[in-house]
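Contents: one structure, followed by commentary.
The values are calculated or read from the model by the stated rules, or taken from the named source; none is laboratory data. Every value quoted in this text rests on a predicted model; they were computed, and no experiment measured them. Heads up, the Cβs are rebuilt from the backbone with ideal geometry, glycines too, and the neighbour counts pull from every protein chain shown. We work out accessible area using only protein heavy atoms, side chains counted, and drop any ligands, DNA or RNA first. Shrake-Rupley method; radii C 1.70, N 1.55, O 1.52, S 1.80 Å.
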Amino acid sequence: MAASSKRHAATSQSGNYADADAGSVPFGEGDFILKNDSDKSTDSFTNRNINVDVQVDKSNYGKLLGHLGSNHYRCLGMAAYSRNNPYVKLLLQAMSQSGCEAFQDRHFACEQCSEVVNGGFDPSTSQIVLCQNNIKTQSAMDRVITHELIHAFDHCRAKINWNDIRHLACTEIRAANLSGDCSFGMEHFGRFHRMQFGFVKHQQTCVKDRAIRSVLAVRDTSEKLVKQAVDEVFDTCFNDLEPFHKIPRSKSDAKAAWRERYRYEL
Amino acid sequence: MNEAEGSVYETGDIRPCSIYQRRYTDCKSIANFLHSFYVYGKKPNCEQFKLDYNICKIWDNTGSKEAKDTLLENERRRNEENNKHKHVWEMRTSPPSDWHKPLKEVEQAAKNNSEEIL
């Protein structure tokens with residue numbers, strides 16, 4: 001992890017997340033460097049602190065106000081409520097069965113991010129980072145947590161080299177494929193659909209596209225190399241459906257998979 | 001439901017017939033037909049689900065050992081097919097060691113690492 005932390009720290013603010021989900025942001029997703037804090041970006045690890053500096057004073061009055069209206073507490077509340085979502089339920093169950101139980105206070109962090117990031121998974125601290133200033137609704141929170149939990153599940157069951165662009169591409173393909181980001185409804189009627197309509201095999205087009213954009217968002221490499229890597233691992237990773245037994249069509253599919261109680265021991 | 005075989009369900013080797021039924025009806029639904037075209041560009045193949053459901057019904061009604069063995073065999077084969085594709089990465093045999101470490105320790109380690117290099 002030493003080499004990776006150097007790389008993360010050197011690139012940009014968003015670089016300290018192994019994966020930053022730019023999924024639902026249609027335009028300008030390459031622009032990831034924090035504009036305001038560009039001088040802080042050299043030591044992003046020391047920045048990424050679980051005690052987030054929310055603009056709440058420490059007095060009782062400030063705490064009260066914070067509880068009533070701050071992004072941070074709203075984010076924590078929504079993250080806790082996400083455990084009712086069938087996708088999240090299934091993934092948490094699969095992870096605890098493979099020995100990586102995810103606790104609310106240890107493995108989830110609500111933080112301020114740059115404007116285009118929704119969330120990320122940080123393998124060095126094994127935390128899921130949720131961007132409290134960008135996630136506004138419960139359904140968005142469910143989607144981001146599902147996406148990041150798939151990365152966490154991959155980290156839990158496999159030795160992922162986060163510097164290897166093929167590994168990164170693979171986990172991005174799986175996350176885009178299984179989290180429902182590329183479902184028909186999201187692609188055609190979703191708030192951030194990208195005006196790319198299609199039907200036959202459109203899921204594959206969408207997954208490839210999203211994976212390329214997500215990898216480009218966190219790694220400073222040429223688009224050609226990323227495309228090559230995604231194409232190389234696409235067949236393997238598109239057909240790797242763990243912990244779902246098929247590509248979930250809707251919440252009811254995820255619920256059914258959760259009820260069937262598959263076993264995921266390592 | 002065959003209550004005497006409860007232990008079989010718990011191990012997850014065989015599932016209750018209602019699950020096979022749900023799989024089959026789900027597979028032949030219109031929604032899945034469209035979904036299959038959307039994902040793979042071809043229509044779904046539900047033969048295996050139908051077969052499994054019918055065998056399960058036979059096992060449930062008669063308790064025949066042959067039906068049970070066939071069902072076990074099918075489940076095993078399906079699991080094998082799901083796991084046969086090779087992975088890009090090396091799989092772990094135990095979960096990552098720092099997963100449950102306290103946050104302060106982990107953050108300190110990460111900080112030290114980055115300081116060493118920078």
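Compute, for B:Trp89, the solvent-accessible surface of its heavy atoms (probe 1.4 Å) with the complete set of protein chains present, and express it in square angstrom to the nearest 10.
My reading of the accessible area for B:Trp89 is about 10 Å².
Along the Cα→Cβ direction, 7 angstrom out, place labels at A:Ser59 and B:Glu73. What is the inter-label distance in nm?
7.8
How long is the gain from A:Lys201 to A:Glu223 if the chain were fully straight, where each residue apart is worth 0.36 nm and the alpha carbon distance is subtracted?
That works out to 5.6 nm of additional length.
For the stretch B:3-90, what does the accessible surface come to per residue with a 1.4 Å probe? Please give it in Å².
I get 61 Å² per residue for the stretch B:3-90.
Roughly how many Å is it from the Cα centre of the stretch B:40-61 to that of the stretch A:123-158, as a whole number?
So the two Cα centres are separated by 36 Å.
With every protein chain kept in the model, how would you rank A:Leu216, A:Leu64 by accessible area, 1.4 Å probe, largest at the top?
Highest to lowest solvent-accessible surface, that is A:Leu64, A:Leu216.
Given the whole protein assembly as supplied and a 1.4 Å probe, what does the accessible area of B:Glu90 come to in Å², nearest 10?
Looks like 110 Å² after rounding.
Note every residue of the stretch B:36-62 with a reduction of at least 20 square angstrom in accessible area, all protein chains present versus the isolated chain, computed with a 1.4 Å probe, or write none.
Relative to the lone chain, where solvent access is computed with a 1.4 Å probe, the stretch B:36-62 loses at least 20 Å² at B:Phe37, B:Tyr38, B:Val39, B:Tyr40, B:Gly41.
Mind checking the dipole of the stretch B:3-90: about its Cα centre, +1 per Lys or Arg Cβ, -1 per Asp or Glu Cβ, Debye to the nearest 20?
Taking the Cα centre of the stretch B:3-90 as origin, the dipole is about 520 debye.
Could you give the length gained on full extension between B:Leu34 and B:Glu105, defined as 0.36 nm per residue of separation minus the Cα-Cα distance, in nm?
Working: separation 71, 0.36 × 71 = 25.56 nm, distance 4.99 nm.
Contour length minus the Cα-Cα distance gives 20.6 nm.
Quick one: which bits of the stretch A:87-103 get at least 30 Å² less accessible when the partner protein chains are in, versus the chain alone, with a 1.4 Å probe?
A:Gly99, A:Cys100
Using just the C-alpha positions of the stretch B:3-90 as equal point scatterers, what log10 of I(q)/I(0) does the Debye formula give at each q in 0.17, 0.20, 0.22 1/Å?
Scattering profile of the stretch B:3-90, log10 relative to I(0): -0.82, -1.00, -1.10.
Let me know the mean shielding of B:93-101 by other chains, meaning the per-residue number of their Cβ atoms within 10 Å of its Cβ.
The per-residue average across the peptide is 6.
In nm, give the distance between the simple-model label positions of B:Asp98 and A:Gln112, each being 7 Å from the Cα along the Cα-to-Cβ direction.
2.6
I'd like the accessible area for B:Thr70, computed on protein heavy atoms only with a 1.4 Å probe and all protein chains in place. Round to 10 Å², please.
60
Just counting partner chain Cβ atoms within 10 Å, what average do the residues of peptide A:104-112 show around their Cβ? Please report the intermediate quantities before stating the final value.
Numbers: counts 0, 1, 6, 3, 0, 1, 0, 0, 0.
For peptide A:104-112, the averaged partner shielding equals 1.
Would you kindly give the portion of the calculated P(r) for the stretch B:57-118 that falls above 15 Å, as a percent of all Cα pairs?
Result: 74 percent of Cα pairs exceed 15 Å.
Provide the buried accessible surface between chains B and A in square angstrom, both chains summed, 1.4 Å probe, rounded to the nearest 100. Don't skip to the end; give the middle numbers.
Values: alone 9930 and 13600 Å², together 18920 Å².
Using a 1.4 Å probe on protein heavy atoms, the buried area is about 4600 Å².
Over 19 Å between Cα atoms: which of A:Lys159/A:Lys201; B:Lys43/B:Lys68; A:Lys224/A:Lys246; A:Lys246/B:Lys84 fall into that group? Could you put the intermediate results ahead of the total?
Details: A:Lys159/A:Lys201 31 Å; B:Lys43/B:Lys68 30 Å; A:Lys224/A:Lys246 31 Å; A:Lys246/B:Lys84 15 Å.
Flagged as over cut-off: A:Lys159/A:Lys201; B:Lys43/B:Lys68; A:Lys224/A:Lys246.
For the stretch A:154-242, which trypsin sites (Lys or Arg not before Pro) are both in a DSSP coil and crowded by at most 16 other Cβ atoms within 10 Å?
A:Arg191, A:Arg194, A:Lys201
Under the definition of partner shielding as Cβ atoms of other protein chains within 10 Å of a residue Cβ, what is the mean value for peptide A:157-169?
Per residue, the number of nearby Cβ atoms from other chains is 3 on average.
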